[in-house]
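The values are calculated or read from the model by the stated rules, or taken from the named source; none is laboratory data. None of these values were measured; they are calculated from a predicted model. Neighbour counts are summed over all protein chains in view; Cβ atoms, including those assigned to glycine, are modelled from backbone coordinates with ideal geometry. Ligands, DNA and RNA are stripped out before the accessible areas are found, and what is left, the full protein with its side chains, is counted by its heavy atoms. Shrake-Rupley method; radii C 1.70, N 1.55, O 1.52, S 1.80 Å.
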Amino acid sequence: MDFTYVSSTCPYCGNGCGINLVVKDGRVAGISPWHRNPINEGKVCIRGNKSFEFVNSPARITTPLIKKDGKFVEASWEDAFKEVADALKAAKGDAIGCVASARTCNEDTFVFRNFAANVLKTANIDYCGRKCNADAVRGLTDAFGAGTMTNSITDLSDAQAIFVVGSNPLEENPLAGRRIILAKQRGAKIIVADSRRTATAKIADLYIATNPGSEVALVNGIVNAIVMAGKENKDFIAEKTSNFDKCKAAVASATPEAVSKTCGIAEDVITKAAEIFAAAQPAAVVTSAGAGSGDLVRAVANLQMVTGNIGKAGAGVSLLRGKSNAQGAADVGAVPGENGLTLPAMIDAAIAGKIKVLYVMGENIALAGAHVADALGKLDFLVVQDMFMTETAARANVILPSASFAERDGTYTNSERRVQRVRKAVEPVGSTKADWEIVAGIAKAMGHEKDFAFKDAEAIFNEIAKAVPAYAGITYAKLEKPEAVQWPAAGGVFGTAVLYADKFATKDGKAAFAAVEFKPDGTADNAFPFMVASQWPMGTLSVNTPSIVREWPSPVVYINKEDAKALKITTGQKVRVSDKAGSVTLAANVTSDIKKGVVSLPANMAGAAVRLEIAPEGA
Amino acid sequence: MAKKGDMLYAWTNDAEIQKKAELGGAVTALWKYALDSKAVDAVLVISKGKDLYDAKPTLVKDSKELANTAGSLHCGTLLLPKLIKKYFDGAADMKIGVTVKGCDAMAFYELAKRKQINLDNIVMIGVNCGGSVSPVVARKMIADKYGVDPDVVHKEEIDKGQFIIEYEGGHKGISVDELEEHGYGRRSNCRRCKMKVPRQADLACGNWGVIGPRAGKATFVEVCSEKGAKLIDGAVKAGVLATEAPNPKGLEIRGKVEGAMLKLGDKWRKKDFEALGEGKDRLRKIMTETSRCIKCYSCISACPICYCVDCTTRNPSYVTPGEVPPNFMFHLIRFAHIASSCVNCGQCQELCPSEIPNALFMHSQQVELEKMFGHVPGRDMELPILAYAEEREERARLHNTGSDMIYENVFNPMPGKH
Ligand code: SF4
Ligand code: SF4
Ligand code: SF4
């Protein structure tokens, strides 16, 4: 019998927890704690704990599939590559769109990007994080110079106060949540703003039950209260920032009175939050990349500049990521080239008949809404690379089966810029291949063998280190230590834990305040009386992990107890949730852990305001 | 001829092992003999992973590979018996040698009582354990308290109440007491541990009591079973092990060291348990702390007492699926099922992402139950009350009551329930 531990990185969220894959006789038999990893010290959440299950799932696609007469037929790699190569060759570059993934390795994304630019000659490449990540990343770039979390997950526990807004780390990024717990145990004050009384809200010293979508107003209100009280960090503002006046003018209207109305909270809560936050040094903000989070990120960046909480441990803006390589995908260039289309623009162009071929690597974009499904239906040709038969894969002309994280080498870059190894523990199931190998196979079939003849993942990584300035100096050898390297590598043996200790990465070296106006994104009215707070939806990995499905077998809509009583809805009952565009039917979960007048359902399922009805029998 | 109860100094004659092993290499030599003589099919030991701080279980089948795995690792906080249950089919049809610390030995017995491990197929060499330090804590402690870059340290050990490091350019020791006062040092369960010499193993080995010319060059061995005696005799006969009677003074010292460790364990128990308060206060504290649980199931995955195929915490009638934090029933189920047998191995606490002192809570209940019922877990094969139930039979009995209060029966699902 063979038995080994292979250290790797959790494939789920952007925390990048270390795990050991337990390999028994060539099969991943389980997950064991990797205590030595500095991020999670052996601890994991349910997803990390069960992340071996999908690897062994019988639902894995194990051979290439070509659709013939509406049915998938098993094919050889050679035939599949040829089929794809022919379709790609037949299309013009600007009629091809490439969708990269936030959960494939850096090596895959980099090769894919080169393939798009040099073989397909298209600038239309983007990653699935466009809708939820790109705004937030741009917000940080504009404010501080680099589109990434300013600090480290580990130093969150050094904070004296933590303000969590637009994020639910205890449930979504639990091992970042742990750092908040540690900070609290060391005496930090925790402020959580959320319309749901989440697990994170439950550990708060100050819980602010704000209306969904009103977070920017709340943050502006806090900034205003700090400035009004004269508690802003004047030295920091004068020496290290620009445009403070713009910000100050913009938040002036965010008086406690106005904000309390917008957010549906008491006035004194705002001043209290401002007092706690301004009195603590260092103080950190935790938020996450979500739809429309660009303004929120700018607003909290303002807050951190006003209080001088940037450039030191325990401070900063912690932007938590949903997927294991959300940071890396953008780092290595899965973003539109010159005049290239973003993902939403590609979808529109597909509907308009301008994009004819779409090549999707490791993402299930069909879940993003009905119009994406429409767009996929209009294409001449759809290539999907995935481990599972997702809703997107089901619409493909050719499916190219990917190896899982346990079956290949590579790297993920977590939300705190730590580039960590993914290590091959077992052979790929069936005839699956690492995503980069698949791309290289197509390149070869298109006559570009030479440029894509990489020996292994390490050889690709060495190219990344040459091409991406932030990755300069990082090698697989340096990633052998469990600390790995946080880019930029030049900051120390293990890279840079805290950005901007000396100066900012902006042109003038200063952090830039912004005037962030609160823009309501649709309000409840008589026809659609409930505001919507979104939950994280289940992703491809989760729906293929039985232990996770057992906890969350189907999506539910959370409804406040009193609202439910008025509508005579009980837990488990089927409820029709309708917005302007349409409706979905879900089981109700009646709870007191959500604000009255607010319902919560998985992201992408409905707009900002909805109506509820008990679904007719049999629905 | 060695026999149960014998005390020996032992060291190896094997030149290869001598080069690398510590304390005369007796343990490595014993495993070499066990492998070469086919007394075991494989040995499961802890070896160095990515660095000194990274403990990695390694299965050795060829005695030539043993030399690479020698040496103690105080940052090794793993529990091996649960791995053997999970990944080696409980040693059902493979003879495995295992180097164990006190908590490993106790966990082996508790799993064996529950028929999850076949102890007939297990050979245990115990090593005295003064406690272990979690690796990331150890690194921080070395940087902060010793002022030494943890990456230049090439050896760490706990000796005479000190945590000692050797590094390029020197060595340094700081008393464990002092470290622990500053929040560093051993895991909290290790501080309370009173299984310092694992006599449930076949042999109990260590450096305590090795004095005189053999100091540092031999291992003190207490023979704890017939299996252990046979192993010693065989190894001596094969020429890989040499033994002699221990220095009587050494024997005395060993007793004293053990006594001091036990006293320290009592001190910590008193401190930790008193801080929990009593009665309602204790309950309130436990409820408050556990209310942070995110239901990652790590405590259950790692606990050597948990073995049920269908864990009650996943029964929807007790604990609502997907609800985070789960209601208190989740923890009550663990308490009810485990407390009488908790061996204070610390896994449930060390692996808890919500920083809940689970092992402290369970251990505090175990000592109360021990006072009431006199049952000591992990020491011998005496069965706890709960282990008298045979799972299949018990589930069948419950199933036959026909009550819908009975949870999902994986062996015989009820129609209409899933
Ligand atoms: S917190 Fe994220 S990275 Fe860590 S175990 Fe959970 S899903 Fe994986
Ligand atoms: S309850 Fe915790 S300390 Fe007790 S045996 Fe189980 S894992 Fe070990
Ligand atoms: S390890 Fe901690 S968080 Fe995880 S289930 Fe156990 S008590 Fe809850």
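Worth a mention:
- Environment charge at A:Pro616 (Cβ cut-off 11 Å; Lys +1, Arg +1, Asp -1, Glu -1): 0
- Fraction of accessible area attributable to carbon and sulfur, the range A:3-55 (%, probe 1.4 Å): 51 percent
- Relative contact order (%) - the range B:239-391, alpha-carbon pairs under 8 angstrom, separation at least six: 20 percent
- For the range B:308-378, convex hull volume per residue from C-alpha positions, Å³: 103 Å³
- Convex hull of Cα atoms in the range A:3-55, direction-averaged projection (nm²): 3.2 nm²
- Out-of-range pairs (alpha-carbon distance over 26 Å; input B:Lys115/B:Lys285; B:Lys194/B:Lys371; B:Lys64/B:Lys95; B:Lys19/B:Lys48): B:Lys115/B:Lys285
- Carbon and sulfur %, accessible surface of the range A:530-614 computed with the full protein complex present, 1.4 Å: 54 percent
- Fraction of alpha-carbon pairs over 16 Å apart in the range B:2-80 - percent: 54 percent
- Estimated at 0.36 nm per residue, the fully extended path between A:Glu391 and A:Asp69 surpasses their Cα-Cα distance by 114.1 nm.
- The mean number of partner chain beta-carbon atoms within 10 angstrom of a residue's beta-carbon across peptide A:43-51 is 5.
- Residues of the range A:282-303 with amide N under 18 Å of the 7 Å Cα→Cβ point at A:Ala229: A:282-285, A:300, A:302-303
- Paramagnetic label zone (point 7 Å from Cα along Cα-to-C-beta, A:Glu562; backbone N under 19 Å) in the range A:240-270: A:260-269
- For the range A:132-218, the Kirkwood hydrodynamic radius from C-alpha pairs, put into Stokes-Einstein at 37 °C and a viscosity of 0.692 mPa s, yields a diffusion coefficient of 240 µm² per second.
- Over the Cα atoms of chain B, the radius of gyration divided by the Kirkwood radius equals 0.98; this is the Rg/Rh ratio.
- All Cα-Cα separations within the protein assembly as shown were binned at 20 Å from zero, giving a P(r) of 12, 41, 36, 11, 1, each value a whole percent of the pairs.
- Shielded residues, the range B:137-158 - accessible-area loss of 30 Å² or more between chain alone and all protein chains, probe 1.4 Å: B:Arg139, B:Asp151
- Extension gain, B:Glu393 to B:Glu168, is 74.9 nm, computed as 0.36 nm per intervening residue step minus the present C-alpha separation.
- Evaluated at q = 0.19 Å⁻¹: base-10 log I(q)/I(0), Debye formula over Cα of the range A:133-320: -1.37
- Phi-based couplings in Hz for the range A:239-255 (Karplus 6.51, -1.76, 1.60; Gly and Pro marked x): 7, 10, 10, 10, 6, 4, 4, 4, 5, 4, 5, 5, 8, 4, 6, 7, 6
- Within 10 Å of each Cβ in B:315-324, the average number of Cβ atoms from other chains: 3
- Counting, for every residue in B:290-298, the Cβ atoms of other protein chains within 10 Å of its Cβ and taking the mean gives 6.
- Charge sum, other residues only, whose C-beta stays under 15 Å from B:Glu157's C-beta, Lys/Arg counted +1 and Asp/Glu -1: +2
- Stokes-Einstein diffusion of chain A at 20 °C, 1.002 mPa s viscosity, Kirkwood radius from Cα pairs, rounded to a whole number: 86 µm²/s.
- Calculated FRET efficiency, A:Arg550 to A:Lys450, Cβ-Cβ distance, R0 = 35 Å: about 0.10 to the nearest 0.05.
- Looking at the range B:158-197, the GluC sites (Glu not before Pro) that sit in a DSSP loop and have at most 14 other Cβ atoms within 10 Å of their own Cβ are B:Glu168.
- The orientation-averaged shadow of the Cα convex hull for the range A:530-614, equal to a quarter of the hull surface, comes to 5.3 nm².
- Square roots of 5 times each gyration tensor eigenvalue, C-alpha, the range B:66-215, largest first, Å: 31, 17, 15
- Computed over the range B:132-236, the alpha-carbon pair-distance distribution with 5 angstrom bins reads 2, 11, 17, 18, 16, 14, 12, 7, 4, 1, each value a whole percent.
- Leaving ligands and nucleic acids aside, the A/B contact buries around 3700 square angstrom of accessible area in total at a 1.4 Å probe radius.
- Expressed in units of 2.2 N^0.38 Å, where N is the residue count, the Cα radius of gyration of the range A:1-132 is 1.36.
- Among beta bridges that DSSP assigns inside the protein assembly as shown, antiparallel share in %, nearest 5: 55 percent
- Rg to Rh, two decimals, where the range A:507-549 supplies the alpha carbon set and Rh follows Kirkwood: 1.28
- Of the chymotrypsin sites (Phe, Trp or Tyr not before Pro) found in the range B:49-150, no site is in coil according to DSSP while having at most 15 other Cβ atoms within 10 Å of its Cβ.
- The range A:533-619 - percent relative contact order, Cα under 8 Å, separation 6 or more: 38 percent
- Candidate lysines - alpha carbon under 20 Å from A:Lys450, same-chain residues fewer than 8 apart omitted: A:Lys82, A:Lys89, A:Lys121, A:Lys433, A:Lys466
- Two-site FRET efficiency, A:Ala266 against A:Arg186, from Cβ-Cβ distance with R₀ of 30 Å, rounded to 0.05: 0.55
- The shape of the range B:277-411 can be summarised by an equivalent ellipsoid whose semi-axes, obtained from the alpha carbon gyration tensor, come to 24, 21, 14 Å from longest to shortest.
- With each label modelled as a point 7 angstrom along the Cα→C-beta vector, the B:Arg379-B:Met1 pair spans 3.0 nm.
- Within the accessible surface of the range B:277-411, defined with a 1.4 Å probe on protein heavy atoms only, the carbon and sulfur portion equals 58 percent.
- Stokes-Einstein diffusion for the range A:189-263 at 10 °C, viscosity 1.306 mPa s, with a Kirkwood radius from C-alpha pairs, works out to 117 µm²/s.
- With the helix formula -39500 (n - 2.57) applied to DSSP H stretches of n ≥ 4, chain A reaches a computed 222 nm mean residue ellipticity of -8500 deg cm²/dmol.
- Paramagnetic reach from B:Val367 (point 7 Å along Cα→Cβ, amide N under 14 Å) across the range B:170-199: B:188-195
- Accessible surface, per residue, of chain B when the full set of protein chains is kept, probe 1.4 Å, Å²: 43 Å²
- With a Förster radius of 35 Å applied to the C-beta separation of B:Asp89 and A:Thr570, the computed FRET efficiency comes to 0.15.
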